[in-house]
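Trainee: I'd like to ask you about the structure that follows.
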Amino acid sequence: MAHAWWQKDSSKVELGYERRPLRDVIAEAAEFFAGVLNSSISLPLLINSHPSPTAEHAALHTMCTEGLKDIDQELSYLSKLILHSQEQMSSLEAIT
């Protein structure tokens, strides 16, 4: 059985993964790769595939770069939030 990831128009880069919750994207990827491993999802022969246009690669690279920047910013924010929370907890412990 073919998977939806391989049935999409390869001439267009589907943007939108960067707007979906990471756990949903990971779950979809896990389902896909599990299907490939147990042979319930068949992959096309790559030798017969048409090469992707440079514009598609550039769009994909841009999307991934922006997504990584967003993740980095979120991790930075969460790290600062954790440090602040730890400081507050220490302050409360010192009072009691």
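Trainee: Given a Förster distance of 35 angstrom, what is the FRET efficiency for HIS84 paired with ALA27, based on the Cβ-Cβ distance and rounded to 0.05?
Mentor: E(calc), rounded to 0.05, equals 0.65.
Trainee: Shifting gears a bit: As an exercise, use a Förster radius of 41 Å and the Cβ-Cβ distance of MET63 and ALA94 to find the FRET efficiency, rounded to the nearest 0.05.
Mentor: Given R0 = 41 Å and the Cβ-Cβ separation, E is 0.30.
Computed from the coordinates by the stated procedures, all read-outs in this text should not be read as laboratory data. Since the structure is predicted, the reported quantities are computational estimates derived from the model, not experimental observations. Positions of Cβ are generated from backbone atoms using ideal geometry, with glycine treated the same way; all protein chains shown enter the neighbour counts.
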